[in-house]
Amino acid sequence: MSDNRLGSAVSPYLRQHADNPVDWREWGPDAFAEARARDVPVLVSVGYATCHWCHVMARESFSDPEVAELLRRDFVAVKVDREERPDVDASLMASASAFTQQLGWPLTAFTTGDAQVFFAGTYYPPVPVGQVGSFRQVLAAVLDAWRERRHEVDANATAIAAAIRQGAEAEATARGGGADGGDEPRLPTVDAIRAVTTQLAASEDTTYGGFGGAPKFPSTPLLEFLADVAADGDDAARALLERSLHAIRSTELTDADGGVFRYATKRDWSVPHYERMLYDNAGLLAVADAEQARGIADFLRDTLRRDDGAFVAAQDSESTMDGRRVEGEWYRLPLDQRGRFDPPPLDDQVLTGWNGLAIRGLAIAGSRHGDDEMLALARGAADAVLAAHVRDGHVVVRSSTPRGASSAAPTVEDVGLFAEGLLELALVTGDVTLAEQARTIVDDGLAGRFTVDPVLAGAGTATGEQPQTAMRSGTVALASAAVTLAALTGDDAYRDAAARLVADRASTGTERPLGHADALGVALALGRPSREVVVVASDPVDPMRAVRRDARRPGTVVARVTPDQADQWAEAGFELFAGRGALDPAGYVCHDRVCALPARRAEDLHAQLVG
């Protein structure tokens, strides 16, 4: 009889496996205690709700009663949703890199009862394919090693755990530089950062656009870095960015409804991998032109937005058509024919960090393109997440669904991305309550108030957040929010903290920008003189308020407020706004919070900005 325990899970991915004959357990101390008591290895299978190859392996192997019996007898089987528990995924991925460089999902890891990995891979087919063994063969080999070469298993597990621990300690040391009299963090120079664009230009696919070959990803942090360098005056970076964005919006990677797929399987951006993730689309909003941004915002509004205003995580690549489960066919239909079939299902998790990324993207795009609906969408998401995931100013929930809140603890991704999104929206709308919430959340993040997963803590394999290629890092977002707070409050401790957070990542990024591009962008802002721009106008259509559309550049913070809002910001401790509510309209251009005489007309303000 099956003892599958996923029926009450919050995660949609875990619930997809609730009817498997496998005796699945959720990640947690109880599963590993069971493995120790039975002296059996643990299979940890990691995926997410819209992962096509996760679906395939579920149909081929985890729905097979004979495979289920093997797992029931000789293993403890654990299912993990990487979106719900990114810390667990990061740790297991770091361990898996000891066995394969072809990392991805589903991730298939085997651990000891102490949760230390001794073997790992990704998707395994039901029968051997070329040099890849079948899943049953892998299970047999793992079990043979466990029973006959236990000393090798334990040695492997111990060595991998030690390597992960060493890497995590090195990163923690780098982040702590400059504290308590330690070494000051060493940021790369502005020239070194700008020179990275030469590397990127050399890796550009000059035939089809973008970077590298197949598979080809939008790589939104890389695109935003190019936007930062372009705003810093680099025309070559601007041209490279525009070519890359054109390739994304004019090929099959962008669906007819405006949403963008996760990646293309071919070098020419054709044959997309059809799942659509919130983070890809949100990241593109920050750099897209008006037409592309409008299409993405429409997709978020019409497909991923819940009734309460929050955004869910993703839309699947597969759908059921004419009784068949198929990948991509619904998306290949013309828009006017899609209504004949049920659309691909949604991953209905609301993730704090991913919503923060969407809030930020919508706020940036809405301001840049003068689109009030984008700002309204951002505000709706902010209000929904604040109501459901934040208590007394502190992020307490990472993931929730209509079935409740997950027990998984918030991570730096949730704190950093959400705080950055709230600050961006506050600067655009002038609502100081959003900035106050963000300040509390940033203070939590800088104080390191995170709960380390108890299983990872016991195993000594908590990695912290790893550099990412597909979405903005929470660590980097936390640093970016701290830079903004330094400009708004006058407290340079925020700026020092930001430098500590990104210095090591940015230094690595000058040699290997993929995975570190977001840190390079923040380091570029830190390398430029701080400039603050405050626009005060009670008239919402005053031309002075349009300045934000062309004033965004590294090292510059721009805020738009009414006179009453300026007073509220000042009263809340944001010193930049002290005395700014006296004139209406007025524009202030400040350098390290030392301001020039106020400009009273848009053209005068523009002259100060370009002067």
query = Of the residues Ser203, Ser219, which is of a type in the set (Gly, Ala, Ser), at positive phi and in the same structural domain as Leu417 (by TED's automatic domain parsing)?
reply = Ser219
Filter result (free of Cβ contacts under 8 Å to residues at least 60 places away in the same chain and either out of contact with any helix residue (DSSP H, G or I) (no Cβ under 8 Å at 6 or more places or on another chain) or among the charged types (D, E, K, R) (or both)) within region 509-522 = Glu511, Arg512
request  = Being within 11 Å of Gly258 (Cβ to Cβ) and either surrounded by 24 or more Cβ atoms within 10 Å (Cβ to Cβ) or without any contact (Cβ under 8 Å) to a residue 40 or more places away in the chain (or both) is the filter here, so list the residues in region 286-299 that pass it.
outcome  = Ala288, Ala293, Ile296, Ala297
task = Kindly indicate which of Asp322, Asp342 is farther than 22 Å from Thr440 by Cβ, touching a Ser or Thr at 6+ places or on another chain (Cβ under 7 Å) and outside the structural domain of Asp257 (by TED's automatic domain parsing).
result = Asp342
message = It is to be established whether one or more residues within region 225-248 are buried (at least 24 other Cβ atoms within 10 Å of the Cβ) and over 24 Å from Leu524 (Cβ atoms).
response = no
query = Just a yes or no: is a residue in region 342-363 surrounded by fewer than 24 Cβ atoms within 10 Å (Cβ to Cβ), free of Cβ contacts under 8 Å to residues at least 24 places away in the same chain and not hydrophobic (A, V, I, L, M, F, W, C)?
reply = yes
Filter result for Thr484 (of a type in the set (S, T, N, Q) and at pLDDT 95 or above) = yes
Which numbered condition Ala438 fails, given (1) in a helix (DSSP H, G or I); (2) of a type outside the set (Val, Ile, Thr); (3) closer than 19 Å to Arg552 by Cα = (3)
query = Quick check: anything in region 307-319 at pLDDT 95 or above and loosely packed, with under 15 Cβ neighbours inside 10 Å?
reply = yes
task = Would you mind telling me which numbered condition in (1) in contact (Cβ under 8 Å) with a residue 40 or more places away in the chain; (2) over 30 Å from Ala96 (Cβ atoms); (3) aliphatic (A, V, I, L, M) Leu200 fails?
result = (2)
ask   = Say we look at region 131-183 and pick out the residues that are assigned to a loop (DSSP other than H, G, I, E, B) and more than 27 Å from Leu43 (Cα to Cα); which of these is modelled with the lowest pLDDT?
value = Gly178
message = Residues that are without any contact (Cβ under 8 Å) to a residue 40 or more places away in the chain, of a type in the set (Lys, Arg) and assigned to a helix (DSSP H, G or I): does region 488-498 have at least one?
response = yes
task = Starting from region 110-129, take each residue that is under 15 Å from Asp74 (Cβ atoms) and in the same structural domain as Leu92 (by TED's automatic domain parsing) and list its partners that are part of a loop (DSSP other than H, G, I, E, B) and at pLDDT below 95, counting only C-beta distances under 7 angstrom and pairs at least six apart or across chains.
result = Phe119/Phe99
inquiry  = So, restricting to helices (runs of 4 or more DSSP H) that lie completely within region 301-391, which ones have at least 1 residues that are among the polar types (S, T, N, Q) and under 28 Å from Ala227 (Cα atoms)?
reply    = 352-368
remark   = Scanning region 7-22 for residues that are surrounded by fewer than 20 Cβ atoms within 10 Å (Cβ to Cβ) and part of a loop (DSSP other than H, G, I, E, B), the one farthest from the chain's Cα centre (by Cα) turns out to be Pro21
inquiry  = Exactly one of these conditions fails for Glu66: (1) buried (at least 24 other Cβ atoms within 10 Å of the Cβ); (2) touching a helix residue (DSSP H, G or I) at 6+ places or on another chain (Cβ under 9 Å). Give me its number.
reply    = (1)
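The values are calculated or read from the model by the stated rules, or taken from the named source; none is laboratory data. These figures come from a predicted structure and were not determined experimentally. Virtual Cβ from ideal backbone geometry, glycine too; neighbours counted across all protein chains shown.
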